[in-house]
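Accompanying notes for the structure given below.
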Amino acid sequence: MSSHEEQQMVIVAGHIVVEPQQREAYLAGCVEVVEQARRQPGCLDFSIAADLVDAGRVNVFERWESQAAVEAFRGDGPGGEQGAAMLGAVVAEYDVAGERSLA
């Protein structure tokens, strides 16, 4: 990977599927992960949140300065309890070529 690619912003987005009755417990278990991520060098934004329509869906959004920052934080993936609660996940990383402010 060239140094230009390493400095390209990365967005991680998608959703996790959990049992609807377990979603609140799952999210409570994610609070520390979100706090840690937001303190991590290179983290521009990090959110794990309940979906407004689907009771079994948890939305994931992360924005990082670079792929190196993502990899430094990611480690081994979800912890034991979080991993066990997941019924499925559709999450992907996207390399960002440009940015336009809408605000």
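How far, in nm, would the chain grow between Q21 and S101 when pulled straight, counting 0.36 nm per residue and subtracting the alpha carbon separation?
Going from the current span to full extension adds 25.1 nm.
By the scheme Lys and Arg +1, Asp and Glu -1, what is the net charge of all other residues having a beta-carbon under 11 Å from that of A50? Write down the numbers at each step before the final one.
Numbers: positive: R23, R57; negative: E24, D51, D54.
So the environment of A50 carries a net charge of -1.
At 1.4 Å probe size, put Y26, Y94 in order of accessible surface, largest to smallest.
I get Y94, Y26, largest accessible area first.
According to the Kirkwood expression over distinct Cα-Cα pairs, how big is the hydrodynamic radius of the range 14-103, in Å?
Its Kirkwood hydrodynamic radius stands at 14.1 Å.
Accessible area per residue of the chain at 1.4 Å probe, in Å²?
On the way: 6740 Å² over 103 residues.
Value for the chain: 65 Å² per residue.
Within a Cβ distance under 11 Å of P20, other residues only, what is the Lys/Arg minus Asp/Glu net charge?
Net charge around P20: -2.
The values are calculated or read from the model by the stated rules, or taken from the named source; none is laboratory data. Computed from a predicted model, the values in this text were never measured in an experiment. Note that we place each Cβ from the backbone using ideal geometry, even for glycine, and neighbour counts take in every protein chain shown. Surface accessibility is based on the protein's heavy atoms, side chains included, excluding ligands, DNA and RNA. Shrake-Rupley method; radii C 1.70, N 1.55, O 1.52, S 1.80 Å.
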